[in-house]
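Everything below concerns the one structure shown next.
The values are calculated or read from the model by the stated rules, or taken from the named source; none is laboratory data. The structure displayed is predicted, hence computed values, not measured ones. Every residue, glycine as well, gets a Cβ built from its backbone with ideal geometry; the counts of neighbours run over all protein chains shown. Accessible surface is based on the protein model in full, side chains and every heavy atom, while ligands, DNA and RNA are left aside. Shrake-Rupley method; radii C 1.70, N 1.55, O 1.52, S 1.80 Å.
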Amino acid sequence: MTYAIEAEGLMKRFGSTQALAGVDLAAREGTVLGVLGPNGAGKTTAVRVLATLLRPDAGSARVAGLDVVRDAAAVRATIGLTGQYASVDEDLTGTQNLVMIGQLLDLTGRDARARAAELLEWFDLSAAAERTAKTYSGGMRRRLDLAASLVGRPSVIFLDEPTTGLDPAKREEMWDVVRRVVADGATVLLTTQYLEEADALADEITVIDSGRVIANDTPDGLKRVVGGQRLRVRSADPARTPEVRAILGDLVGQTPVESGRQELTVRVDDDSLLPELVQRIAGAGIRVHELSLHLPSLDEVFLTLTGRPADAPKEAA
């Protein structure tokens, strides 16, 4: 198996704060590695070390087979980096921003303009190519920022909370961009606090808390951390909810949890119970608005692993 990103035992301290306390990371070529963690967990510090912006105090890391300390210049020629906030020059047009990046990467003027035009079309920004970036919407600026990180055709891309501040529709647009980048052959390390974002994009997820890796698995593998699947039932007639509760409890041997919407949920380890549940409810003549079998959400996983929501600061633990 070939890894585009490998880190072992990364450590970094800022004064009395241990930002990284022995972090291990690995991303296979052509995949998305999601890195999750509460505010202050060490996600951005890890990205900055991998992108050669910080030297680790201990440990080692390789990006595209290159050591991030010994081969820092070569690593920088191989990667793209998009931070939490758009870094484009607002007084330059979309074309000028990308051409400038291309020339900083030693492309000829002609090649820089050709690459700029290609990326502007790819990111659906051609119509705004000659407008200054300050006239762009937030989503357009983020797309231009990501386009800037791709000018040099990097094989590894670091996206540090790239959809911060975007509304759900704009986040969906960015997700489509990430999928296209990976389909084009790149490897992406994505840090995010939006758990649905990691669920939608990541092939594997690493969870960091207090500078340490506390879990690593596929999204579905992590969801099984909190224990099996969930059966969810909501009766069309609230008055019959007690009957549904009795059927569920008898079937799985547990007391279902009831939400404020009179929705009953119970953990199950055997998905073959679903057909029997349907049969019993139908036999009792009970109509339902919802009946589903699903894995826990990443929100439930995150809360189980860290003891707090994804957007809670480290100090809130």
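Tabulated data
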item: Residue, nearest to residue 91 (Cα to Cα), within the stretch 127-140, restricted to residues that are in contact with a strand residue (DSSP E or B) (Cβ under 9 Å, 6 or more places away or on another chain) and open to solvent by 20 Å² or more (accessible area, probe 1.4 Å); result: 132
item: Every residue from the stretch 256-292 that is of a type in the set (Lys, Arg), touching an Asp or Glu at 6+ places or on another chain (Cβ under 9 Å) and not in a loop (DSSP other than H, G, I, E, B); result: 280
item: Test set (1) modelled with pLDDT of 85 or more; (2) open to solvent by 30 Å² or more (accessible area, probe 1.4 Å); (3) under 30 Å from residue 19 (Cβ atoms) - residue 215 fails condition number; result: (2)
item: The one condition in (1) open to solvent by less than 70 Å² (accessible area, probe 1.4 Å); (2) within 30 Å of residue 303 (Cβ to Cβ) that residue 167 fails to fulfil; result: (1)
item: The stretch 218-233 - residue that is part of a strand (DSSP E or B) and in contact with a helix residue (DSSP H, G or I) (Cβ under 8 Å, 6 or more places away or on another chain) and, of those, nearest to residue 30 (Cα to Cα); result: 231
item: Search result, residues across the stretch 121-147 that are charged (D, E, K, R) and either in contact with a helix residue (DSSP H, G or I) (Cβ under 8 Å, 6 or more places away or on another chain) or under 14 Å from residue 181 (Cβ atoms) (or both); result: 124, 130, 131, 141, 142, 143, 145
item: Check on residue 13, in contact (Cβ under 8 Å) with a residue 60 or more places away in the chain and of a type in the set (Lys, Arg); result: no
item: Residue 124 vs. criteria assigned to a loop (DSSP other than H, G, I, E, B) and open to solvent by 20 Å² or more (accessible area, probe 1.4 Å); result: yes
item: Residues of the stretch 172-208 satisfying the condition of being assigned to a loop (DSSP other than H, G, I, E, B) and among the polar types (S, T, N, Q); result: 192, 193
item: Matching residues, the stretch 201-212, being farther than 16 Å from residue 304 by Cα, crowded, with 17+ Cβ neighbours inside 10 Å and under 13 Å from the mean Cα position of the chain (by Cα); result: 201, 202, 204
item: Where residue 158 falls short, out of the listed (1) closer than 25 Å to residue 105 by Cβ; (2) open to solvent by 60 Å² or more (accessible area, probe 1.4 Å); (3) aromatic (Phe, Trp, Tyr); (4) under 12 Å from the mean Cα position of the chain (by Cα); result: (2)
item: Options 42, 34, 59, 80; residue that is under 24 Å from the mean Cα position of the chain (by Cα), more than 25 Å from residue 144 (Cβ to Cβ) and of a type in the set (Gly, Ala, Ser); result: 42
item: Filter result (surrounded by 14 or more Cβ atoms within 10 Å (Cβ to Cβ) and either in contact (Cβ under 8 Å) with a residue 60 or more places away in the chain or basic (Lys, Arg) (or both)) within the stretch 109-121; result: 113, 115
item: Among residues of the stretch 218-263, those that are open to solvent by less than 40 Å² (accessible area, probe 1.4 Å), touching a strand residue (DSSP E or B) at 6+ places or on another chain (Cβ under 8 Å) and not polar (S, T, N, Q), counted; result: 14
item: Of all residues in the stretch 283-302 being farther than 30 Å from residue 197 by Cβ and of a type in the set (Gly, Ala, Ser), the one that is most open to solvent (accessible area, probe 1.4 Å); result: 283
